[in-house]
1. For segment 238-287, which positions are small (G, A, S) and either on the phi < 0 side of the Ramachandran plot or modelled with pLDDT of 95 or more (or both)?
2. Check whether at least one residue in segment 81-96 is under 24 Å from L209 (Cβ atoms), among the aromatic types (F, W, Y) and open to solvent by less than 80 Å² (accessible area, probe 1.4 Å), and report yes or no.
3. In segment 176-186, which residues are in a loop (DSSP other than H, G, I, E, B) and in contact (Cβ under 8 Å) with a residue 12 or more places away in the chain?
4. Does G263 satisfy the condition of being in contact with a Lys or Arg (Cβ under 8 Å, 6 or more places away or on another chain) and either part of a helix (DSSP H, G or I) or without any contact (Cβ under 8 Å) to a residue 40 or more places away in the chain (or both)?
5. Given the conditions (1) within 26 Å of A201 (Cα to Cα); (2) open to solvent by 30 Å² or more (accessible area, probe 1.4 Å); (3) in contact (Cβ under 8 Å) with a residue 40 or more places away in the chain; (4) of a type outside the set (D, E), report the number of the one that I39 does not fulfil.
6. For segment 187-203, give me each residue that is over 17 Å from V251 (Cβ atoms) and assigned to a loop (DSSP other than H, G, I, E, B).
7. Filtering segment 43-64 down to residues that are open to solvent by 20 Å² or more (accessible area, probe 1.4 Å) and in a loop (DSSP other than H, G, I, E, B), which residue is nearest to W219 (Cα to Cα)?
8. What residue, of L116, L67, is surrounded by fewer than 16 Cβ atoms within 10 Å (Cβ to Cβ) and within 16 Å of the chain's Cα centre (by Cα)?
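The values are calculated or read from the model by the stated rules, or taken from the named source; none is laboratory data. Everything numeric here is computed off the predicted structure, so don't read it as measured data. Here Cβ is always computed from backbone atoms with ideal geometry, including for glycine, and neighbour counts include all displayed protein chains. Calculation scope for accessible area: heavy atoms of the full protein, side chains included, ligands and nucleic acids excluded. Shrake-Rupley method; radii C 1.70, N 1.55, O 1.52, S 1.80 Å.
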Amino acid sequence: MPFPEFDPVLIHLGPLPIRWYALAYVMGIVLGWVYAARILKSPRVWLPGRPPITTVQLDDLVLWITLGIILGGRLGYALFYKPVMYAQLFTGQDWGERLELFQLWTGGMSFHGGFLGVCIAVFFFARKHQANLLSLGDAVAPVVPIGLAFGRLANFINGELWGRTTDVPWAIRFCNARIEQLYGFCPAGNEPRHPSQLYEAGLEGLMLLAVLSLAVWKWRLLSKPGYITGLFLVGYGLSRALLETVRQPDVGLDQLPFGLTMGMILSIPMILVGVWLIRRAWMRPPAVTAESVEA
């Protein structure tokens, strides 16, 4: 199946190009913001406890999280996949090469780096506002798959992060006139490959969103701080590790020990921490606040 002639730019506003990838970040953050506000406005799902922050405080948290996503995603990409960017700060031949680390428009973001950036933002926000850290994480975790789904769809439109070669009927050749014009050749070659971006949008995005929604609204697991955060960590870690088997490894990272990929290696700690959080939450009684006792 040939790759559609997608244009990575949705529209030009004068000299400013609005790219699908940037729009995916905006949509993920805005819709996540709306969904998180709905969760915080539903005190019944927190019983016998209560929401860790108000919706007014959520407005501030969104800014913290946005910075965590951007800074963590870029710095993490450089650390995990292209550490030469850090060396180029001192050894680059010109300013363009030296400042490549900060050139977000050239592409290169890491989910695991963005995840760490969000964790740091949530930690310091909880500390500043004296909010329960695990409960705050539980309010944030259910909305993350929204951004993941939009991000992977944008990866597909850009024709990047493609899968391994395959002969399945729905395989796609990630090569068209636009890609050839942009690079002078097709980085993915002309072989049919797994559309792994769509697999990730479905599994890490939609399916994980559905599971976490059940955990919030049906299973009422917000009463056990850390449980939903643990479910997210295990769900994402297992999904990513599984899909790495059909995703093409990054250049220079295709010869790691035991057939592992960088995505698998970075997902293993997430799974372990997630299992620990679930066990910890399961063994403890539901959180009870002073307000709920007085009521």
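1. S239, A241, G263, S267, G274, A281, A287 - these are the residues of segment 238-287 that are small (G, A, S) and either on the phi < 0 side of the Ramachandran plot or modelled with pLDDT of 95 or more (or both).
2. Scanning segment 81-96 turns up no residue that is under 24 Å from L209 (Cβ atoms), among the aromatic types (F, W, Y) and open to solvent by less than 80 Å² (accessible area, probe 1.4 Å).
3. The answer is N176, C186.
4. The answer is yes for G263.
5. Against the list (1) within 26 Å of A201 (Cα to Cα); (2) open to solvent by 30 Å² or more (accessible area, probe 1.4 Å); (3) in contact (Cβ under 8 Å) with a residue 40 or more places away in the chain; (4) of a type outside the set (D, E), I39 comes up short only on (2).
6. N190, P192, H194, P195
7. L47
8. Values: L116 fails: surrounded by fewer than 16 Cβ atoms within 10 Å (Cβ to Cβ).
Being surrounded by fewer than 16 Cβ atoms within 10 Å (Cβ to Cβ) and within 16 Å of the chain's Cα centre (by Cα) holds for just one of L116, L67, which is L67.
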